[in-house]
Every structure is written in C-alpha cells, then in structure tokens.
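The values are calculated or read from the model by the stated rules, or taken from the named source; none is laboratory data. All values reported here derive from a predicted model rather than from experimental measurement. Cβ: placed from backbone, ideal geometry, glycine included. Neighbour counts: every protein chain shown. Ligands, DNA and RNA are stripped out before the accessible areas are found, and what is left, the full protein with its side chains, is counted by its heavy atoms. Shrake-Rupley method; radii C 1.70, N 1.55, O 1.52, S 1.80 Å.
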Amino acid sequence: MSKVLVLDGNLNSSLAVVRSLGRQGIEVTVGAEVQPCLAGSSRYCTRHFVYPQPAQDSGQFIDFIFDEVRNSQYDFIFPVTDVTIPIILQHRHLFEKYTSLPFANYETYNFASDKFRLQHYAKNNGIPIPKTCFFDPQQQRLADCLAEIEFPAVVKPAFSKRVVNGKTVSFGVRYAHNTRELTEIVKQSSLPHNIPLLIQEKIHGEGIGLFALYRNGKAKMLFSHRRIREKPPSGGVSVICESIPTDPKVKEYGLRILNHLKWHGVAMVEFKKDYLNGIPYLMEINARFWGSLQLAIDSGADFPHELVKMLRGEDIPENLAGYKTGHRCKWLLGNLDYYYLLFKSRNCNMFLKSLKEELTLLRKRPTHFVCRQEDIRPFLLELKRYFVTA
C-alpha cells in the first residue's frame, strides 16, 4: 500500500486528492499551515500536522517538511499550490533521496507558471492570445505601451506568487478602465518588485479548462470543463462547473504547449472562449492540481489515483476522452458568496437571472466540491469558519 503526503490541506483541491486516494485504500497524511483543515478533517485522512508558513519563511518550511519526509517514509509527496511547489522543487535533490515528486523540473514548472513567457510562446507559435501589451518595467516605460491598450484592460502579473527575500508575495489580476487607473495599478503591482505585466484586452466568454496527466512528455489522460459560475462574478475561482467534450482547438493548443514542455504530472491549461467569434484564447497554465479537480473525479477522470498508479510504474493506457460529460459540480459556500457579491454590486438583473438559473442547476443534480454525506466533517468545518469570520 502506498503512503502519500498531501500539503496545503485547506484547499478544495487537496480535499479532492485525499478523498480520491483514501477511497483506494492509500494511506494519506495531510499537512497544512493551521489545524483543523479541510483535507485533514476528512475521514480518508490517516494523520495530519501543522507546518511553518511557507509564505513567511521558506527556509523554516523546507527544513520542517524535509524532516517529516525523511522520518516518515512517504512514497510520494503532493504539494498543491504555487507557494509550496516551487519551494520544494528548488530542493528536489534533497527530497528525491526519500520520496517521489510528480512534477516536471523546476525550470519547466517555472516556464509554465510564468504568464509573460507563456503568452510570448503562444503568440509566436500560432496559439491565440488576447491583444496584449508585454510590459517589462526594467526595459520600457508604461507610456510606450499606451497606444496598444484598449480599455477596459486586464492587468496580469507574470507570476501570481513570487518569493522575495524568503517570503512569498502575491500578485492579483486587476482591471483598469482608463489610463489613470492603469498607471496606479502598475505603480502598486509591478514597480516595487520589477514584475513584468501583461496588459490585455478583456475577453467576453466562458472559461474552459483542459486538464491533463502526462508521463514524460506523453499525454495519458485528458478532461475538459467549462465554468458556469465564478467568484467574483467578473471572473475568478470556479463555483459551478460542468464536464464537457474536449473542444478540438482547445485540445490542439493545450497539447501543443504541454508537448513542447515535455510535461510530466498534472496540469490545467486554461482558455477563454470568445462569445462572438468562438476562438479559445489562452489564459494561463495551472501547473498543479486545480480547484475544480473534484468535478473530474466525479465524472470518471480520477487524476490523483491515476497519477499514483503512474508513479508506481504501472501501465496507464491512454484515456483521452473516457469520462462522463454534462456532469456538474458546485461549491455551496462559494455560490453563496457569488450571490452576496452580486447583491453588493446592486446588479439586480444579474441577481434575478442567476436565481432563475439555480432551479435549472438543481434539476441537473450536481455533486459538491466539499459537502459530501459520506464525508461530512470538512463541510461542517468550512461552514463553521464561514459564519465565524463572516
């Protein structure tokens, strides 16, 4: 029986991993910054512990996790966020004496996570991207970009997270409606840390994800979904999503990138499909397990279990379309936040439209990211935290 360590235990994706592996009789330990945590509360978690905050002191974190791995004989370790993964990959030579890491090397992971380099690659290789100004504060002035920009503009840092002086700094996506707002965003987001920015046109369309499992540069399993509802409503994490057949163009573009990278492990290539012209525009790659992982598992594409089988050296037959389509998954408390944000924005038309859609969604009998009758404790914990901090 395999023994697996899952980090970042407060995420929906970590919970999905624990449930997937635990159902297969795999012994799963969960680490997190605080306890109790979602994944650690699951009936499928064998043991859980607290580790030092990696975003505050990466050195202390890596020492703690290395001691845990060395002493506990895990077969595999699954970090789940863009905070823990790069820290561990930078010390891969230490960990691989004791365990296996299901990731490409640090340089490849870094390229996939770097929106600036990724979008450059896509633009030069026939993969559609939004109209983009590539702004590097070390090489150009913002004024040099202004002629290329259409408002409203989406401002994306090259990295969502980056380690600066041993601490992880987060950079979020923001929206600029005019030159003044754009100048202020650049001053706050880019200049203090010399972070390159993508300043892009806003694509009006639905989010589509291509999920993939790769073994040494070869695709072994694919899955695709569309985002029905996001939090915040302007675009963010998935609140309700649906499994769909893989769009041929999405598959072509996604595989072109991952094949080029000779990918290994799991990844989600994210696109936005324009409502008007039907073109899927590349957004980013999540070079790790993704937030809507539970939907894939419920639809028959059990990425965590297949990944463990692959790491064991078992033969994984190609399964590039073998999953149930039309299945929906819902995050109950995320959906509640969605309605709260709509109400707060006073978007009455959208609020009423969403309430009508809710009846249709209920008839589809969605499963739930967190709330599961046979494993209810994570939801009870989430519910308690939700109303205590509300």
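Things to note:
- Residue count for segment 55-80 under the criterion of being closer than 26 Å to W290 by Cβ, outside any helix (DSSP H, G or I) and of a type outside the set (V, I, T): the result is 7.
- Checked against (1) buried (at least 22 other Cβ atoms within 10 Å of the Cβ); (2) part of a loop (DSSP other than H, G, I, E, B), A16 meets all criteria but (2).
- Residue that is surrounded by the most Cβ atoms within 10 Å (Cβ to Cβ), among those in segment 215-238 that are of a type in the set (S, T, Y) and touching a residue at least 40 places away in the same chain (Cβ under 8 Å): S238
- When segment 215-236 is limited to residues that are in a strand (DSSP E or B) and among the small types (G, A, S), the one that is nearest to L295 (Cα to Cα) turns out to be S224.
- Yes/no for R47 being surrounded by fewer than 20 Cβ atoms within 10 Å (Cβ to Cβ) and farther than 25 Å from L295 by Cβ: yes
- Scanning segment 356-377 for residues that are assigned to a helix (DSSP H, G or I), open to solvent by 60 Å² or more (accessible area, probe 1.4 Å), of a type outside the set (S, T, Y) and over 14 Å from H327 (Cβ atoms) yields K356, E357, L359, L362, Q373, E374, R377.
- Segment 50-69, subset farther than 14 Å from T99 by Cα and aliphatic (A, V, I, L, M), residue surrounded by the fewest Cβ atoms within 10 Å (Cβ to Cβ): V50
- Qualifying positions in segment 312-331 - without any contact (Cβ under 8 Å) to a residue 40 or more places away in the chain and over 15 Å from D302 (Cβ atoms): G313, D315
- The lone criterion from (1) within 30 Å of K309 (Cβ to Cβ); (2) aliphatic (A, V, I, L, M); (3) open to solvent by 10 Å² or more (accessible area, probe 1.4 Å) left unmet by A143 is number (1).
- Only a single criterion out of (1) open to solvent by less than 30 Å² (accessible area, probe 1.4 Å); (2) outside any strand (DSSP E or B); (3) within 30 Å of R346 (Cβ to Cβ) is not satisfied by L295, namely (3).
- Qualifying positions in segment 1-24 - among the aliphatic types (A, V, I, L, M) and touching a strand residue (DSSP E or B) at 6+ places or on another chain (Cβ under 8 Å): M1, V4, L5, V6, L7, V17, V18, L21
- Residue check: L210 meets all listed conditions (1) surrounded by fewer than 23 Cβ atoms within 10 Å (Cβ to Cβ); (2) in contact with a strand residue (DSSP E or B) (Cβ under 6 Å, 6 or more places away or on another chain); (3) at pLDDT 95 or above but one, namely (1).
- In segment 1-12, the residues that are open to solvent by 10 Å² or more (accessible area, probe 1.4 Å) and modelled with pLDDT of 95 or more: K3, D8, N10, L11, N12
- Single residue of segment 239-270 satisfying the filter (hydroxyl-bearing (S, T, Y) and open to solvent by 20 Å² or more (accessible area, probe 1.4 Å)) that is nearest to A104 (Cα to Cα): Y253
- Lone qualifier among K273, K309 - being farther than 19 Å from I240 by Cα, open to solvent by 40 Å² or more (accessible area, probe 1.4 Å) and not in a loop (DSSP other than H, G, I, E, B): K309
- Within the option set S160, S72, S113, S100, being in contact with a helix residue (DSSP H, G or I) (Cβ under 7 Å, 6 or more places away or on another chain) and open to solvent by less than 60 Å² (accessible area, probe 1.4 Å) holds for one residue only, S100.
- Within segment 312-337, the set of residues being small (G, A, S), closer than 29 Å to L361 by Cα and in a loop (DSSP other than H, G, I, E, B) comprises A321, G322, G326.
- Residue in segment 237-245 that is out of contact with any helix residue (DSSP H, G or I) (no Cβ under 6 Å at 6 or more places or on another chain), among the hydroxyl-bearing types (S, T, Y) and assigned to a helix (DSSP H, G or I) present: no
- Scanning segment 336-355 for residues that are of a type in the set (A, V, I, L, M) and open to solvent by 40 Å² or more (accessible area, probe 1.4 Å) returns L336, L341, M350, L352, L355.
- Put simply, of F95, F134 the only residue that is surrounded by 18 or more Cβ atoms within 10 Å (Cβ to Cβ), more than 19 Å from the chain's Cα centre (by Cα) and touching a residue at least 60 places away in the same chain (Cβ under 8 Å) is F134.
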